Amino acid sequence: KSINLITNEDIIRYNNDYILKNKLSSSYQNQVVNAVKLYFKTIKDTMIEVEKIHRPKRAKVLPNVLSKEEVKKILDAHSNLKHKAMLSMIYSCGLRRSELLNLKFSDIDSKRNIVIIRQSKGKKDRITPLSAKILDLLRRYYKEYSPKTYLFEGQEKNTQYSARSLEEVL
């Protein structure tokens, strides 16, 4: 069919007969609807009523949560002080991998027991509490490793610890 002759019914039929029948993912279906909407609004300048096309809701799946025992096993599995400190910070402060790796020593406020996370997801700064146990662990780590630029540095001074290495540690 010529693009000029496509109607709302054609798009709905495509959605029902192809996408829904083949049980394609909701993200794929939304991509198709958005692409059709963009094409017909900007390129063809026609009025296709995308609101009439069925959009699936995204599934809300509960995350897998580790038990206290599992977390304790992970944290106790390492004898290396740096690895233990990194994993403890991630768990205790609820940090993402990139947030941990971008931390500088100046981001730790030991007087107020907080960690300042700068330019995190969505380019937002945030503050997270720092427990006394983790602060003590960080002090021992600092005495042993003396990081200069980043809180957790790679094998060479002033270089950021590798994301891949952190994955391997975990």
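The values are calculated or read from the model by the stated rules, or taken from the named source; none is laboratory data. Remember, it's a predicted structure, so these values are computed and weren't measured experimentally. Glycine also receives a Cβ, built like all others from the backbone with ideal geometry; neighbour counts cover every protein chain displayed. When the accessible area is computed, the model is the full protein with side chains, heavy atoms only, and any ligands, DNA or RNA have been set aside. Shrake-Rupley method; radii C 1.70, N 1.55, O 1.52, S 1.80 Å.
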Share of accessible surface on carbon and sulfur in the stretch 121-167, whole %, 1.4 Å probe and ligands ignored, is 49 percent
When the chain is treated as a Gaussian network with springs between alpha carbons less than 10 Å apart, the largest mean-square fluctuation among PRO63, PRO147, PRO129 is found at PRO63
When the chain is treated as a Gaussian network with springs between alpha carbons less than 10 Å apart, the largest mean-square fluctuation among GLN160, GLN29, GLN119 is found at GLN29
PRE zone check, label point 7 Å out along Cα-to-Cβ of THR159, amide N under 17 Å, scope the stretch 67-105, hits 101-102
Measuring from its Cα centre, the stretch 80-134 shows a charge dipole (+1 at each Lys and Arg Cβ, -1 at each Asp and Glu Cβ) which, in debye to the nearest 20, is 100 debye
Once LEU20 and HIS78 are pulled to full extension, the length gained, defined as 0.36 nm per residue separation minus their Cα-Cα distance, is 16.0 nm
If one builds a Gaussian network model of the chain from Cα atoms under 10 Å apart, the most fluctuating residue listed among ASN102, ASN22, ASN80 is ASN22
Counting only protein heavy atoms with a 1.4 Å probe and every protein chain in place, the carbon and sulfur fraction of the accessible surface of the stretch 49-101 in whole percent equals 55 percent
Expressed per residue, the solvent accessible area of the chain in Å² (1.4 Å probe) is about 72 Å²
In deg cm²/dmol, rounded to the nearest 500, the helical mean residue ellipticity at 222 nm of the chain, built from -39500 (n - 2.57) for every DSSP H run of length 4 or more, is -11500 deg cm²/dmol
With +1 at each Lys and Arg Cβ and -1 at each Asp and Glu Cβ, the charge dipole magnitude of the stretch 31-170 around its Cα centre, to the nearest 20 debye, comes out at 380 debye
If unit charges are put on Cβ atoms (+1 for Lys and Arg, -1 for Asp and Glu) and the dipole of the chain is taken about its Cα centre, the option from HIS83, SER2, LEU138 lying farthest towards the positive end turns out to be LEU138
